[in-house]
Structure formats: C-alpha cells, structure tokens
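K.L.:
My structure is below; once you've seen it, I'll send some questions.
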Amino acid sequence: MTPTELAKLVDISAVRADSTAEEVKEIAEAAKKYKFICAFALPSLTGYLKMILGGDPDVKLGGVVGFPSGSETTSAKVFQALELKATGCDEVDMVLNIGMLKSGLYEDVLEDIVAVREAIEPIPLKVIMEVPLLTDQEIVEASRIIRKAGAAFIKTGTGWAGATTLKNVETIKNTVGDSIKLKVAGGVRDLETFNRMYMMGVSRFGIGYKSALSIMEECIAQNK
C-alpha cells in the first residue's frame, strides 16, 4: 500500500476529553499534508477545525454525536447532528445507545439511529457500537441494527473504552459481510495491525494524531 492509498483510508482525530485546540490544529495540518480522507474534533472545536482545514478539497470535515456514551436522548442527538451539519460536516459519527443495546431494547436503538440518519441526509452516518463494552452476541445484534438503520458504516469504537481486536472485526464481518462498510477505531497503532484489518475487509480507520503519523511514517519507509 502506498502512502497515498493509506491516507484515503484514515480519519485522523483529536476526540479525547482533553484534546486541545493546538492538537486540533495539528491534526488539520497533518490532514492537509498527507491528505487523510477526513479529520474529526469534538463538537465544540469542529468549527475551529473547519477554519484550519481552510476548505481543502481533499480532506473532509467530520463531526461526532453522542461521544462517548451514546446515552443522550434522541432529540439531543438529532439537535447535535443538525448543528454539525450546519457547521459544514461532510460525515457524522454517532454512538448508539449502549445501555439500551445491553438492555435488549433493540427497537429503541434502531429508532435512535434512524432519527439521526434522517436528520443529516445525504451526509453519510457512521454508527459506533463500542466493542470493548459488548459481548460477542451484542456485537452481532448491534451490527444487524446498524445495517437495518441504513447507516453508511459500522464503526467499532470511540477510542475511549479500549481497543478493537481482530476477533471483533471477524465477528462483525461474519455477521454483515460486505453489505455495509466497516470502520475500526481504537487500538490501531502500527502498520501491521492496520494491514491485517484492511485485509479482513475494513474500509476506514479512525486513528488519533500520534498513531496516524506513526503509521504513515512506517508506510513511507516501506515504500522507499
């Protein structure tokens, strides 16, 4: 994989609770330099991220809804999603309601996702299930719900709760195959892991600033 090909698979992010404006500036500059496909900040800094990106046509602006618990009311999620759409986001990543999922309230989880998807159309929606907090069966159920809701991507995590494993990827792919795209976030910190998951069918990776640059540097070195 060339560095250019790799960059088109990476959403670079600064979405920790302690991510600063300076870090958001750094991810924007890195995104413009390497042409990472999308850049994400937390909602209060998304407008600032847009300003620093400066309308670069090769880098999309991403927004996050319901980080990190997904437990907001549906109306609150819709409001936040519409605000991000008005800010100019090209993609939105939302956390499904994890507590409701674990309670077996699958229709409520579905309705929550559909409401956000309908609010932001035609912007693509990625839906986060937070695999470190789920059993294998819950991952299966979440995968089916996200696909049924009409989301563009299943996303494995926020990066706040822990790492996505190869087993997690396998479980999701065994459930939905290629019927919906898969984004992995959490725990991808080296090129070997990146490549293994890519070969398993992962279409996008959400990676924090330092790890994204480290992986890119590995890829550049391998292509020399």
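Every number here is computed from the coordinates shown, using simple stated rules; none is lab data. In this text, all values refer to a predicted model and were calculated from it rather than measured experimentally. Heads up, the Cβs are rebuilt from the backbone with ideal geometry, glycines too, and the neighbour counts pull from every protein chain shown.
K.L.:
How high is the FRET efficiency between Ala115 and Thr2 when r is their beta carbon distance and R₀ equals 45 Å, given to the nearest 0.05?
P.N.:
Step by step, r from the Cβ atoms, then E = 0.70.
K.L.:
A further question follows. As a test of the formula, what do you get for the chain when each DSSP H run with n ≥ 4 contributes -39,500 (n - 2.57) and the sum is divided by the residue count, at 222 nm and rounded to the nearest 500 deg cm²/dmol?
P.N.:
My calculation for the chain gives -14500 deg cm²/dmol from helical runs alone.
K.L.:
Would you give the gap between the C-alpha center of the stretch 150-224 and the C-alpha center of the stretch 32-50, rounded to a whole Å?
P.N.:
Rounded to whole Å, the Cα centres lie 19 Å apart.
K.L.:
Another question, then. Extent of the stretch 1-78 along each principal axis, from alpha carbon coordinates, in Å, largest to smallest?
P.N.:
Between the extreme Cα coordinates on each principal axis of the stretch 1-78 lie 42, 26, 22 Å.
K.L.:
I've got another one for you. Could you check the simple spin-label distance between Glu83 and Lys35, using points 7 Å along Cα→Cβ, in nm with one decimal?
P.N.:
Here the modelled spin labels are 3.4 nm apart.
K.L.:
For the stretch 96-224, take N as its residue count and report Rg(C-alpha) divided by 2.2 N^0.38 Å.
P.N.:
1.08
K.L.:
Something else about it: Looking at this model, which pairs from Lys8/Lys155; Lys102/Lys181; Lys85/Lys126; Lys33/Lys183; Lys8/Lys85; Lys8/Lys32 are more than 20 angstrom apart at the alpha-carbon?
P.N.:
Lys102/Lys181; Lys33/Lys183; Lys8/Lys85
K.L.:
Just to confirm my numbers, what's the Cα centroid distance between the stretch 77-105 and the stretch 4-24 in Å?
P.N.:
Cα centroid to Cα centroid, the span is 19 Å.
K.L.:
Net charge near Val188, counting Lys/Arg +1 and Asp/Glu -1 over other residues with Cβ under 15 Å of its Cβ?
P.N.:
+2
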